[in-house]
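Read the structure below first, then the notes.
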Amino acid sequence: MTPVLLYAFGVKRFSFTRKQTASNKTPRQINRNLIFNLIRMRQPISRADLARVSGLQRSTVSLIAEELIQGKWVLEGQTARLPRGRRPTFLQLNDQRAVIALDIHPVQSAVAVVDLGGRVVAQNIVVLPDDSGKALKTIISAIKNMMVANKDKSFDGIGISLPGRADPGHEKLVFAPNLRWPALSIKTQIEKATGLRVEMDNVANACALSEVWFGDSDGLHDLVVVNVAEGIGTGIFANGQLLRGDGGMAGEFGHVQLEQDGPVCACGNHGCWEMMASNRAGLRYYSESAPNRGAPTFEALLRLAQAGDPAALQAVRKMAMYLGRGMRMIASALAPAEIVVVGDITTVWHIAGPLVEEEIHRSALSRPPVRPAYEGNAARLRSAVALVMNEEAGDSE
């Protein structure tokens, strides 16, 4: 296995968002990252097997393993019974370490506990009141309840995925047209209420970071994550880091106009990509095809499509067509090595995927492969691990 997956792992956190200067610690850091991720993916695994799979010397693997054990990232488990020789001891992640994931949507939020391996241990959906003060109190109460219900876990922090662009310097949202309440100073207030460190970012950025953290992307090639929800957001990972742009506004492809006469978007424009290809667009298409059947939730719409309902299938296919058109724009503008899709639409990717690819292949400039994220409808929650464990402050070395 080539050691290219892991620029975010290790006892010390590695920053994707700051330029790293070369030092004599860098190879050691990369080796430690490699071993950590191999344990995560193949646990339980022995030191001997880690050396064989990684290509590193056994002495190097043993040293790294001891560091991870001392840092309480990894635990020693059972021993194997072999016909002869020394019994190897297996290593596995410390599943008592976890983060709180907060996935904010306009009318509700998901609060979850996610362990270091990206497993969602517990989850609760919280309906948010329109009043911003009450909404924040509701979120804080849900977080505290989740911590109490999982008091056997050791929490490293809280990762928040936002449906908009955040200004980290001022701890506020600078662009969130679909969020009905202003989430000002949410980071400071949650930290004060819980005593945990809070890291937050645009959901598409967080999911792009998660793709590298969990090894689904190798961290060396450029990728774009497209998050499909109430709106559409994109996270761009290029040259080993997230691209944020001036004021953190890079990646707002969801507000590029696709149809001049399309519906009015929350940003004030007509026919934006998210108005033509988001979950809301899919529901609109269904209502247009079946006006007398009522408006289902998007999850219900997807279930109807999987069951072969003609109106639901038509809605999903039209949504997929516009998703592909928007991705063709991204492919032509950025030429990424791959495009990764996050959201509930991934549960019907066997229906939507071929139509998305068909639209992208109409481009003669760039035709990157498109794939759904692993458990794409839970990727937003898993991204909390990458947000919390990735060091934004630049003190990783």
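The values are calculated or read from the model by the stated rules, or taken from the named source; none is laboratory data. Everything quoted here is computed from the prediction, not taken from an experiment. Glycine gets a Cβ as well: all are built from the backbone with ideal geometry, and neighbour counts include every protein chain shown. Heavy atoms of the whole protein, side chains included, go into the accessibility calculation; ligands, DNA and RNA do not. Shrake-Rupley method; radii C 1.70, N 1.55, O 1.52, S 1.80 Å.
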Point to revise | One residue from Ala384, Ala333 being part of a helix (DSSP H, G or I), out of contact with any Phe, Trp or Tyr (no Cβ under 6 Å at 6 or more places or on another chain), surrounded by fewer than 21 Cβ atoms within 10 Å (Cβ to Cβ) and at pLDDT below 95 | key: Ala333
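Would you be able to tell me the number of residues in the stretch 233-242 that are part of a loop (DSSP other than H, G, I, E, B) and surrounded by 18 or more Cβ atoms within 10 Å (Cβ to Cβ)? Let's see the steps before the verdict.
To start, the set of residues in the stretch 233-242 that are part of a loop (DSSP other than H, G, I, E, B) comprises 239-240.
Next, only the ones that are surrounded by 18 or more Cβ atoms within 10 Å (Cβ to Cβ) stay: none.
Matching residues across the stretch 233-242 total 0.
Given the residues Ala277, Ala266, which is the only one that is closer than 30 Å to Ala386 by Cα and touching a strand residue (DSSP E or B) at 6+ places or on another chain (Cβ under 8 Å)?
Ala277 is the lone residue from the list that is closer than 30 Å to Ala386 by Cα and touching a strand residue (DSSP E or B) at 6+ places or on another chain (Cβ under 8 Å).
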Study note, to complete from the structure: Checked the stretch 292-301 for anything charged (D, E, K, R) and surrounded by 13 or more Cβ atoms within 10 Å (Cβ to Cβ); matches are Arg293
**Study point:** Criterion violated by Phe9 - all others in (1) open to solvent by 40 Å² or more (accessible area, probe 1.4 Å); (2) at pLDDT below 80 satisfied
**Key:** (1)
Review point. Of the conditions (1) part of a helix (DSSP H, G or I); (2) at pLDDT 85 or above; (3) more than 29 Å from Asn33 (Cβ to Cβ), Ala65 fails just one. Which one is it?
Key: (3)
Practice item. Would you check which residues across the stretch 176-198 are at pLDDT below 90 and either open to solvent by less than 50 Å² (accessible area, probe 1.4 Å) or polar (S, T, N, Q) (or both) and list them? Key: Ala176, Pro177, Asn178, Leu179, Trp181, Ala183, Ser185, Ile186, Lys187, Thr188, Gln189
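Tell me whether the stretch 302-312 contains one or more residues that are charged (D, E, K, R), farther than 22 Å from Asp103 by Cα and surrounded by fewer than 18 Cβ atoms within 10 Å (Cβ to Cβ). First the steps, then the outcome.
The first filter runs over the stretch 302-312 and keeps only residues charged (D, E, K, R), leaving 303, 309.
Next, from what is left, pick out any that are farther than 22 Å from Asp103 by Cα: 303, 309.
From what's left, surrounded by fewer than 18 Cβ atoms within 10 Å (Cβ to Cβ): 303.
Taking every residue of the stretch 302-312 in turn, at least one turns out to be charged (D, E, K, R), farther than 22 Å from Asp103 by Cα and surrounded by fewer than 18 Cβ atoms within 10 Å (Cβ to Cβ).
Looking at the structure I just gave you, is Ala307 of a type in the set (Gly, Ala, Ser) and modelled with pLDDT of 90 or more? Full working, then the answer.
Numbers: of a type in the set (Gly, Ala, Ser): yes; modelled with pLDDT of 90 or more: yes.
Against the criterion (of a type in the set (Gly, Ala, Ser) and modelled with pLDDT of 90 or more), Ala307 qualifies.
Being part of a helix (DSSP H, G or I) and in contact (Cβ under 8 Å) with a residue 24 or more places away in the chain narrows it down to one residue among Glu199, Glu230, Glu211; which is it? Walk me through how you get there before you give the answer.
Working: Glu199 fails: part of a helix (DSSP H, G or I); Glu230 fails: part of a helix (DSSP H, G or I).
Just a single option satisfies the conditions, and that option is Glu211.
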Review point. Does any residue in the stretch 128-141 that is within 17 Å of Thr194 (Cα to Cα) come within less than 7 Å, Cβ to Cβ, of a residue that is assigned to a loop (DSSP other than H, G, I, E, B) six or more places away or on a different chain, and which pairs are these?
Key: Ala135/Leu128; Ala135/Pro129; Ala135/Trp181; Thr138/Leu128; Thr138/Pro129
Practice item. Six or more apart or on different chains, Cβ under 7 Å: which pairs go from a residue in the stretch 370-397 that's under 28 Å from Arg328 (Cα atoms) and of a type outside the set (Lys, Arg) to one that's part of a loop (DSSP other than H, G, I, E, B) and at pLDDT 85 or above? Could you list them? Key: Gly376/Gly343; Asn377/Gly343; Ala379/Ala373
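What about Val356, is it β-branched (Val, Ile, Thr), under 23 Å from Glu230 (Cβ atoms) and in contact (Cβ under 8 Å) with a residue 24 or more places away in the chain? Break it down into steps so the answer makes sense when it comes.
Working: β-branched (Val, Ile, Thr): yes; under 23 Å from Glu230 (Cβ atoms): yes; in contact (Cβ under 8 Å) with a residue 24 or more places away in the chain: yes.
The answer is yes for Val356.
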Point to revise | the stretch 255-279, residues that are buried (at least 24 other Cβ atoms within 10 Å of the Cβ) and closer than 10 Å to Tyr322 by Cα | key: Trp273, Glu274, Met275, Met276, Ala277, Ser278
Review point. Scanning the stretch 340-380 for residues that are within 22 Å of Leu116 (Cβ to Cβ), open to solvent by less than 10 Å² (accessible area, probe 1.4 Å) and outside any loop (DSSP other than H, G, I, E, B), which turns out modelled with the lowest pLDDT?
Key: Ala379
